Amino acid sequence: MSISKKVVLRFPSDIADRPLVCELALRFGLRFNILRASISPHREGIMVMDILGEEKEEVEEGLQYLRKAGVELESLSQDIRMVEERCVHCGSCVGVCPTGALFMERPSYLVRYDEGKCIACELCVLACPTHAMEAVI
């Protein structure tokens, strides 16, 4: 059974240009899906990623490697939920969603939510005038 863990990685400027994420695959046999990233050499960087491994221990060893290298880790332990009864399908959330998890269905023009694409950035929570989008811990 595969283990999946969504994390936010913060790279200090002195290590932002090192190929640390590649080492997760090479050293620990982990797979990863980069959900969002902003990293430039010699500047602080941030990356949101889903790390996948066969064993929980493998994933933890990979995360420990990143910590020892100086990367700050934060677990994304929350999910975003859409409360259909509150949604008026205005599309405010669609315009701010960076991953396309929220989209306007055609031809009905109803707002739809694909949880599998969500990175829990909470931009939709802030944008929704009817509070139809909620962060759930």
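The values are calculated or read from the model by the stated rules, or taken from the named source; none is laboratory data. Please read all numbers here as calculations on a predicted model, not as lab measurements. Cβ atoms come from the backbone with ideal geometry, glycine included; neighbour counts cover every protein chain shown.
Could you check how many residues of the stretch 90-137 are assigned to a loop (DSSP other than H, G, I, E, B), exposed (fewer than 11 other Cβ atoms within 10 Å of the Cβ) and either among the aliphatic types (A, V, I, L, M) or touching a Phe, Trp or Tyr at 6+ places or on another chain (Cβ under 9 Å) (or both)? Before you say what the answer is, go through the steps one by one.
Of the stretch 90-137, the ones assigned to a loop (DSSP other than H, G, I, E, B) are 90-91, 97-101, 106-109, 114, 118-122, 128-132, 137.
Imposing the further condition that a residue be exposed (fewer than 11 other Cβ atoms within 10 Å of the Cβ) reduces the set to 100, 106-109, 129, 131, 137.
Of the ones still in play, those that are also either among the aliphatic types (A, V, I, L, M) or touching a Phe, Trp or Tyr at 6+ places or on another chain (Cβ under 9 Å) (or both) are 137.
Total meeting the criteria: 1.
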Give the residue, chosen from Glu54, Glu23, that is charged (D, E, K, R) and surrounded by 15 or more Cβ atoms within 10 Å (Cβ to Cβ). Glu23
Could you grab me the full set of residues in the stretch 72-89 that are modelled with pLDDT under 95 and crowded, with 16+ Cβ neighbours inside 10 Å? Leu76, Ile80
Evaluate the following for Ser2: is it hydroxyl-bearing (Ser, Thr, Tyr) and either closer than 20 Å to Ala120 by Cβ or surrounded by 15 or more Cβ atoms within 10 Å (Cβ to Cβ) (or both)? yes
Going by the structure shown, is Arg36 within 24 Å of Glu122 (Cβ to Cβ), outside any helix (DSSP H, G or I) and at pLDDT below 90? yes
I'm trying to understand the selection: among the residues of the stretch 98-137, which are small (Gly, Ala, Ser), touching a residue at least 24 places away in the same chain (Cβ under 8 Å) and touching a helix residue (DSSP H, G or I) at 6+ places or on another chain (Cβ under 9 Å)? Ala127, Ala132, Ala135
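I'd like to verify a number: residues in the stretch 45-83 that are part of a strand (DSSP E or B) and either of a type in the set (Lys, Arg) or within 24 Å of Leu123 (Cβ to Cβ) (or both), how many?
15
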For the list (1) modelled with pLDDT of 90 or more; (2) under 22 Å from Leu24 (Cα atoms); (3) of a type outside the set (Val, Ile, Thr), I need the number of the one condition that Pro41 fails. (1)
Looking only at residues in the stretch 1-17 that are of a type in the set (Val, Ile, Thr) and out of contact with any helix residue (DSSP H, G or I) (no Cβ under 8 Å at 6 or more places or on another chain), which one is farthest from Gly29 (Cα to Cα)? Ile15
